[in-house]
1. Which order do you get for Ser257, Ser81 if you rank them by accessible area with a 1.4 Å probe, largest at the top?
2. What list of ³J(HN,Hα) values in whole Hz, one per residue of the stretch 7-18 in order, does the Karplus curve 6.51 cos²θ - 1.76 cosθ + 1.60 (θ = phi - 60°) give from phi, with Gly and Pro shown as x?
3. Output ³J(HN,Hα) for the stretch 193-202: one whole-Hz value per residue in order, computed from phi by the Karplus curve 6.51 cos²θ - 1.76 cosθ + 1.60 with θ = phi - 60°, and x for Gly and Pro.
4. Starting from the amide H of Val87, placed 1.01 Å from N in the peptide plane, find each other amide H under 5 Å away whose residue is 5 or more places distant or on another chain.
5. In what sequence, largest accessible area first, do Lys161, Lys155 appear using a 1.4 Å probe?
6. Step through the residues of the stretch 77-92 one at a time and calculate ³J(HN,Hα) from phi using the Karplus curve (6.51 cos²θ - 1.76 cosθ + 1.60, θ = phi - 60°), rounding each to whole Hz and writing x for Gly and Pro.
7. Excluding ligands and nucleic acids, what accessible area in Å² is computed for Leu227 using a 1.4 Å probe, to the nearest 10?
8. Heavy atoms only, probe 1.4 Å: what % of the accessible area of the stretch 36-77 goes to carbon and sulfur, would you let me know?
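The values are calculated or read from the model by the stated rules, or taken from the named source; none is laboratory data. Owing to the predicted nature of the structure, the values given are computational and were not obtained by experimental measurement. Virtual Cβ from ideal backbone geometry, glycine too; neighbours counted across all protein chains shown. Side chains are part of the model used for accessible areas, which takes the heavy atoms of the whole protein and leaves out ligands, DNA and RNA. Shrake-Rupley method; radii C 1.70, N 1.55, O 1.52, S 1.80 Å.
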Amino acid sequence: MKQHIDILIKNANIIDAKQKTIKKGNVAIECNKIVEYDLNKEYIIDDELNGEGYYVSPGWIDAHTHIFYECTESGLPADVSLIPMGVTTTIDGGSCGYGNWKTFKKNIVDNSILNVYYSINVSPSGQITERYPENIDPRCYILEEYKKIMQEDSKYSRGLKLRYGTEVVEKFGNNVLDEVIELANKLGCFLTVHVTNPPCEMEEIINKMRAGDIVCHIYQGKRSTILDENNIVKKAIFKAQKRGVFFDSADARINHSYAIIRPAIEQGFKPDIISTDLTYASMFRNMLGITSSIV
């Protein structure tokens, strides 16, 4: 009996991420799974595609997006926006807090074709709008609320998110980061920190980061950056990367500067993670007129 194949992609350039190779070959799919294809056998094939000149790869991971669609101003519709780009897994970068987590979990995490992971914003309401900063007052950090989320949804919740920009933290003081790190320690989770337009020197932030924590928008060019006054990558950056801190490009169009990117890469400092920080405003739209860097 001939074996059945739903889809056969022939003569494609196949990216093998594990082997770090690109080889020409065929990909056979049956019941949504890749199956072995033998050129010496005959098959019943429903749909045959010519992959000449195209690439076939595992699904991409976008490690920083904002997808709390119709509940936050910046949220984009994840499935229709990301899957056509080849993205099959994403991590939402703190769109929701413990106050609106149930809606995010029900409508986005549990109702998407994509694999959706997420960081919980330390602000109880998350990032509702780009018109004003979220409330990150440490007096609102209720340990049991964050713990409940991480216990109930341990598979998809990936820790905490803090936007440590001047416009967000200035009225709460520079001890906010310390408070959030203490909270993360109590929860036993990792922390993602947004560092665009920081309220202090970049080294002060980086030196506090723990192994496994993520620093996003590493090529930002507002106020203190990863470069010193001589355009040299600060030693604290390399030290942090060596001890296990992850650095995410998360450019978002408005959170990166080529004046920082070029010398940093020339000096050997490259991101551990390359993500988009896509929002509703930046997906298939130009960013002219958008003055906020809330994302």
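1. Result, largest first: Ser257, Ser81.
2. Whole-Hz 3J(HN,Hα) from phi for the stretch 7-18: 9, 10, 9, 9, 6, 8, 8, 9, 8, 9, 5, 5.
3. So the J values, rounded to whole Hz, are 10, 7, 10, 5, 6, x, x, 8, 5, 4.
4. It is Trp60, by chain and number.
5. Lys155, Lys161
6. x, 4, 4, 6, 8, 9, 4, x, 8, x, 8, 10, 9, 9, 10, 6
7. 10 Å²
8. It is 48 percent, rounded to a whole number.
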